[in-house]
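Below you'll find the structure, written out as structure tokens, and then a few comments.
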Amino acid sequence: MAESLHPAASHHLPSFITAPGETDVLMVVMSIFLAGAVLMFGILFLRLHTMPERMAHRAHKVQFEIVAVLGLIALFTHMHIFWVAGLLLALIDFPDFGNSLSRIAGSAEKIAGVKPGEGTVEMPPETAPSVKQAYEAAEVAPESEYVTRPGDSAAPAATNPIRKVRRG
């Protein structure tokens, strides 16, 4: 049986109209194009969204982690102010005090004759003096009304500026 066109149909059909039972090539091409466009748009969006974090990471900024957290908050809440704040933080240079302080500590250790890194000694908690031991080491008599420093003369209370010690 020969397929014939309906008498009201045009004799010239466009190329994108397919016959029944054949593959619609235009739909396949457009679905591949749409999937690729959505994928490319998503990659572009994520690259743009992580731009402040990448800027802070490349410049070895101190505030890199704060910028990264602000980017994640902006991504999940869709509030652009967090992204703008992360971008501004990525562009600002905060001074690095840690480097200069470590150089000062290293110089002080060098002057003291200690090898670098050996100046930090931690005492175990059981060897730290307690308050009672510190009180006994001060050798303050319980009946004395005023505390005097070594080298002070036993001046009367009116002229001695040392504070009165209260015991309770």
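The values are calculated or read from the model by the stated rules, or taken from the named source; none is laboratory data. Values in this document were obtained by computation on a predicted structure and should not be read as measured data. Quick reminder, even Gly has a Cβ in these numbers, built from the backbone with ideal geometry, and neighbours come from all protein chains shown.
If the condition is being free of Cβ contacts under 8 Å to residues at least 24 places away in the same chain and of a type in the set (D, E, K, R), then the range 20-53 contributes 22, 24, 47. As a summary of the residue check, residue 36 satisfies the conditions (1) surrounded by 10 or more Cβ atoms within 10 Å (Cβ to Cβ); (2) in contact with a helix residue (DSSP H, G or I) (Cβ under 9 Å, 6 or more places away or on another chain) except for the one numbered (2).
Residues of the range 61-72 that are of a type in the set (A, V, I, L, M, F, W, C) and more than 15 Å from residue 45 (Cα to Cα): 62, 64, 66, 67, 68, 69, 70. Beta carbons closer than 8 Å, at least 6 apart along the sequence or on distinct chains, never pair a first residue in the range 62-88 that is more than 13 Å from residue 51 (Cα to Cα) with a second that is at pLDDT 95 or above and of a type in the set (D, E, K, R). The criterion of at least 1 residues that are touching a Cys at 6+ places or on another chain (Cβ under 7 Å) is met by none of the helices (runs of 4 or more DSSP H) wholly inside the range 37-117.
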